[in-house]
Amino acid sequence: MASGGFSKLPNGTVVVALTLPRPAAEDGTVRVLVLAANRARALTRLRNLGLRAVYLRGNAEPPTPDEVTAVLHHPDGLLWRTTPGAPGTGTADQLWQPIRALLRPAVMGY
């Protein structure tokens, strides 16, 4: 089940933040940030990357000011990191990563 929210910026763009189950993992969640012209386009960007069942219902967990700053300073406008406090995440101070790092196939160990 995805939860999240959005913030509309003064220039009219929107930052959408979603907490999603981590792809290809048994447990854990990730926080995904998307910068787009509007909420629909933000969700379309994620769906085009293969995250088909992504919906934003309500505004329960809008992006924090730090999250907005992080996504504004990234050239792709699409970031993720493990959710702080989630099981198996290690430290709560994990850096934001480009979405490619989340969606790339796992490297086989043989």
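Would you pick out the residues in the stretch 14-35 that are in contact with a helix residue (DSSP H, G or I) (Cβ under 9 Å, 6 or more places away or on another chain) and either at pLDDT 90 or above or of a type in the set (Val, Ile, Thr) (or both)? Within the stretch 14-35, VAL14, VAL15, VAL16, ALA17, LEU18, VAL30, ARG31, VAL32, LEU33, VAL34, LEU35 qualify.
For the stretch 24-53, a residue qualifies if it is touching a strand residue (DSSP E or B) at 6+ places or on another chain (Cβ under 8 Å) and touching a residue at least 60 places away in the same chain (Cβ under 8 Å), and the qualifying residues are GLY28, VAL30, VAL32, LEU33.
Scanning the stretch 51-81 for residues that are β-branched (Val, Ile, Thr) and under 20 Å from ASN38 (Cβ atoms), we see that the one that is modelled with the lowest pLDDT is VAL54.
The values are calculated or read from the model by the stated rules, or taken from the named source; none is laboratory data. Since the structure is predicted, the reported quantities are computational estimates derived from the model, not experimental observations. Cβ sites come from the backbone with ideal geometry, for glycine too, and all protein chains shown count toward neighbours.
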